Amino acid sequence: MSFTGRLAGKVAVITGGSSGIGRAVCRLFAQEGASVAVLDRDKIGAKETCASLSNHHGNRHCFVHMDVSSEDDVVACVKSVEGEIGKSTILVNAAGITRDQFLSKMSGKQFDDVIAVNLKGSFLMTREFVRAFTAEEPGSIVNIASIVGKTGNIGQANYTASKAGVIGMTKTMSLELARKNIRCNAVLPGFIKTPMTDAVPEEVIKKVLKAIPMQRQGHPGEIANACLFLASEESSYITGTALEVTGGL
Ligand code: NAD
């Protein structure tokens, strides 16, 4: 693929940037000219991602060790990113966790932990991003939800609730933020090959693959491409949408 500097001069904040989809988004956005802030609770991974980012457009990058579910961390990190690489106009909320369990065995903590990171984390990050935003340039927020937020999935009452919440919250944010010149969209990945899905048992993977019309898992870069489209001016009249990237699942 050729890189055309579609995000040249932009500052993008990516949560979950140490691994999987978030890391792929950081790399693609940097290749497209953005200065990238890699946010993650995995400090070593964030540092590694940051060190691997291209800067052929003269862009600068930074990483922040933080927890998206901590209000204090989120408030502090939005300020520190601004100090290091400038005011951001792009936010991708990719940090996420699973704590799978059948409903009857799921603990309150398993439920709360997933909601705290996947749903509240995206809320906190977006709120602070918006508070710091000045409407000199258009803004774009991309929330990584999941197709199971629409379909449900056995063993994931907590995760599907969090992702359905992200889809609804994205729509509300798009309504509130349109007048501030900020677009807000969700990407709904299907079954993507990352450390998150590497933990899924082999027999479950085989079953899921049979249900995917394209008969394969997606690559993190295929989700990053959708994020790039939604973050860039190519999608300048798209807000409040939930873009499925699932191989037809
Ligand atoms: P991953 O486990 O490879 O990456 C998730 C990243 O989030 C990790 O780097 C992790 O350290 C970080 N993270 C977790 N909790 C955090 C916290 N509290 N604060 C800061 N960082 C935190 O997983 P992935 O597959 O790349 O998932 C990325 C996003 O895509 C998640 O929101 C996930 O729910 C979503 N998603 C993934 C798939 C898939 O098939 N892999 C499908 C649908 C949606």
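Tabulated data
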quantity	calculated
Rg ratio (alpha-carbon, reference 2.2 N^0.38 Å) - region 11-245	0.96
Backbone HN-Hα couplings from phi across region 160-169 [Karplus 6.51/-1.76/1.60, Hz, Gly and Pro as x]	5, 4, 5, 6, 4, x, 5, 5, x, 5
Cα centre as origin, Lys/Arg/Asp/Glu Cβ charges: region 11-245 dipole, Debye	460
Rounded Å value of the spacing that divides the Cα centres of region 140-175 and region 188-216	18
Glu233-His56 pseudo-label distance in nm [points 7 Å out on the Cα-to-Cβ vector]	2.2
Value of [θ]222 nm, deg cm²/dmol, for the chain, DSSP H segments ≥ 4, -39500 (n - 2.57) each, nearest 500	-13000 deg cm²/dmol
Amide proton proximity set for Val13, modelled H, under 5 Å, gap of 5+	Ala37, Ile90, Leu91, Val92
For Val64, residues with placed amide H under 5 Å, excluding near neighbours	Val38, Leu39, Asp40
For peptides 79-87, 134-142, sequence by mean Cβ density within 10 Å, most packed first	134-142, 79-87
Karplus 3J(HN,Hα) series, Hz, for region 23-29 with 6.51 cos²θ - 1.76 cosθ + 1.60 (x for Gly, Pro)	5, 5, 5, 4, 5, 5, 5
Derived scalar couplings ³J(HN,Hα) [region 152-157; Karplus, 6.51 cos²θ - 1.76 cosθ + 1.60; whole Hz; x for Gly, Pro]	x, 7, 4, x, 10, 4
Spin-label pair Ala8/Arg216, simplified geometry with 7 Å Cα→Cβ offset, distance in nm	3.3
Average Cα contact separation per residue, the chain, under 8 Å, 6 or more apart, as relative contact order %	19
Distance between region 231-249 and region 55-102 - C-alpha centres, whole angstrom	21
Highest average packing first - 62-72, 206-216, 238-248, 28-38, Cβ atoms within 10 Å	28-38, 62-72, 238-248, 206-216
Degrees separating the helix 71-85 axis from the principal Cα axis of the chain, which is the longest one	40
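Where a number appears in this text, it was derived from the coordinates with a stated rule and is not lab data. Keep in mind it's a predicted model, so treat the numbers as computed, not measured. Reconstructed Cβ throughout: ideal geometry from the backbone, glycine too, with neighbour counts over all protein chains shown.
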